[in-house]
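The values are calculated or read from the model by the stated rules, or taken from the named source; none is laboratory data. Worth saying up front: this structure is predicted, and the values here are computed from it rather than measured. Neighbour counts run over all protein chains shown; Cβ positions are idealised from the backbone, glycine included. Accessible surface is based on the protein model in full, side chains and every heavy atom, while ligands, DNA and RNA are left aside. Shrake-Rupley method; radii C 1.70, N 1.55, O 1.52, S 1.80 Å.
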Amino acid sequence: MSTATTAKPQAKQPAKGGRRLSLPVLLLIIAGVLVLTSVVRLISGADGITSTGQMSTALRLAVPIGLAGLGGLWAERAGVVNIGLEGMMILGTWFGAWAGYQWGPWTGVVFGIIGGALGAVLHAIATVTFNVNHIVSGVALNILALGTTRYLSKFTFEDAPQGSSKQSPPIDSLGTFDVPGLSGWLETLNDKHWFLVSDLAGLVGGLITDLSPLTVVAVALVPATWYVLWRTSFGLRLRSCGENPVAAESLGVNVYKYKYIAVIISGGFAGLGGAFLSIVASNVYLDGQTAGRGYIGLAAMIFGNWMPGGLALGAGLFGYTDSLNLRGGTTNVHALILLLAILLVAGAAYLAWQKKYVPTAITLVISAVMFFWYTSTDEVPRQVVSAAPYIVTLLVLSFSAQRLRMPKADGMPYRKGQGK
């Protein structure tokens, strides 16, 4: 008698890392956080957390982080891990300032892109052609870029007017602009401190007030990246190199070429972010100017699950926490401790609904500590404000790690013809 049995259809397994949030759910979460932020503002009296000036500063600080993240997105979608974003940004700051103070800011922007791309070429040669470990190559590039720019600064900026071995001469401004009529009206509405309405006015007003033309270009690159990578045949071929290069090669895709293109574009984006720092954010090159923003950009890309929209949200979050250093930091961060405590309670409720009781208990304990910290103090130490961007980076990556899905062949060695 046959022992064969009729195979039963298998239930579809959930995707590893959980389901991706749909747009309506994501918008609902954002709206909920905005309402809670408004409530916290009214309770704490920290009106600065949603002021127009705070949001405008946050946008300016988010741009270089977002550009570095976009650079990482292009490289990693083609299968190349780009830890060298920091070094490419450093090259962008130096090249942008060097050309900018001599021939004008827009020339500096172009040279900043070129500087980042030159660093990317080195990374591509090492990782794509010679199969050097991507992390090792990226770290080596960061060290090389830092040493090279410091060496060059001694011969280019030290004898220049108003320059030094660690600082370039001032660079002319690209200029700023507001949206006529709307910017002023939103700022007036924000100053009234009404519940939710003033917070929305501060958020929108910050996005259209005191804008640099380069900020507009940077923001436009986010949807442009999405369109090229997800709506064109070029983007499909490039992403296939990061998912399954052997299969892509079998279909006639020149994997090496697409990896090189992706990494060079990646360096160009990072270099543009560096040029933004030296030309727009401070109008001079300074030694150590990037301050780890390349790494934070990489964290924003991971937080965004290797997608442009999520990356933009991550860059905005990190830019906001970075802006607290410049505008009423100790008072505003103290108010945000209350917001964090409330969000942790909401997170504990969600974990309890999923019957994850041990994480629920841990989350509630942390929330209680946050509540106690808030009620027993009037402001936080300045050191906490300075560390806020890096603390938020670690917290966000910790909580979002289970939902992430990187390209399957990201960082894996590949040789032409290895599938034969």
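The table below gives the values:
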read-out	value
Residues (open to solvent by 60 Å² or more (accessible area, probe 1.4 Å) and either within 24 Å of the chain's Cα centre (by Cα) or over 18 Å from Ala58 (Cα atoms) (or both)) located in the stretch 327-344	Arg327, Leu340, Leu343
All positions within the stretch 45-57 that are open to solvent by less than 40 Å² (accessible area, probe 1.4 Å) and over 20 Å from the mean Cα position of the chain (by Cα)	Ala46, Gly48, Ile49, Thr50, Ser51, Thr52, Gly53
Tally, over the stretch 263-284, of residues that are under 12 Å from Leu70 (Cα atoms) and in a loop (DSSP other than H, G, I, E, B)	0
Residue match in the stretch 390-407 (condition: surrounded by fewer than 16 Cβ atoms within 10 Å (Cβ to Cβ) and β-branched (Val, Ile, Thr))	yes
Filtered residues of the stretch 123-175 (kept if assigned to a loop (DSSP other than H, G, I, E, B) and hydrophobic (A, V, I, L, M, F, W, C))	Phe130, Val132, Phe157, Ala160, Ile171, Leu174
Output for the stretch 74-105, where each listed residue is among the small types (Gly, Ala, Ser) and open to solvent by 10 Å² or more (accessible area, probe 1.4 Å)	Gly104
Selected residue (only one of Gly310, Gly319 is touching a residue at least 40 places away in the same chain (Cβ under 8 Å), touching a helix residue (DSSP H, G or I) at 6+ places or on another chain (Cβ under 8 Å) and either surrounded by fewer than 24 Cβ atoms within 10 Å (Cβ to Cβ) or in a helix (DSSP H, G or I) (or both))	Gly319
Test: residue in the stretch 285-294 that is assigned to a helix (DSSP H, G or I) and in contact (Cβ under 8 Å) with a residue 24 or more places away in the chain	yes
The one condition in (1) touching a Lys or Arg at 6+ places or on another chain (Cβ under 9 Å); (2) surrounded by 14 or more Cβ atoms within 10 Å (Cβ to Cβ) that Gly108 fails to fulfil	(1)
The stretch 151-162, residues that are touching a residue at least 60 places away in the same chain (Cβ under 8 Å) and either β-branched (Val, Ile, Thr) or over 16 Å from Gly112 (Cα atoms) (or both)	Phe157
Single residue of the stretch 190-212 satisfying the filter (assigned to a helix (DSSP H, G or I) and of a type in the set (Gly, Ala, Ser)) that is nearest to Ile264 (Cα to Cα)	Gly206
Conditions (1) more than 18 Å from Ser278 (Cα to Cα); (2) open to solvent by less than 30 Å² (accessible area, probe 1.4 Å); (3) in contact with a Phe, Trp or Tyr (Cβ under 9 Å, 6 or more places away or on another chain); number of the one not met by Ile171	(1)
Residue list for the stretch 375-389, filter: surrounded by fewer than 16 Cβ atoms within 10 Å (Cβ to Cβ), without any contact (Cβ under 8 Å) to a residue 60 or more places away in the chain and either touching a His at 6+ places or on another chain (Cβ under 8 Å) or of a type outside the set (A, V, I, L, M) (or both)	Thr375, Ser376, Thr377, Asp378, Pro381, Arg382, Gln383
Evaluation of Ser137 against (1) touching a residue at least 60 places away in the same chain (Cβ under 8 Å); (2) in contact with a helix residue (DSSP H, G or I) (Cβ under 7 Å, 6 or more places away or on another chain) (one fails), failing number	(1)
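Here is a yes/no grid of residues against (1) out of contact with any Lys or Arg (no Cβ under 6 Å at 6 or more places or on another chain); (2) open to solvent by 50 Å² or more (accessible area, probe 1.4 Å); (3) modelled with pLDDT under 95; (4) not in a helix (DSSP H, G or I):
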residue: Leu214; (1), (2), (3), (4): yes, no, no, no
residue: Ala220; (1), (2), (3), (4): yes, yes, no, no
residue: Pro223; (1), (2), (3), (4): yes, yes, no, no
residue: Ser240; (1), (2), (3), (4): yes, no, no, no
residue: Glu249; (1), (2), (3), (4): yes, no, yes, no
residue: Ile261; (1), (2), (3), (4): yes, yes, no, no
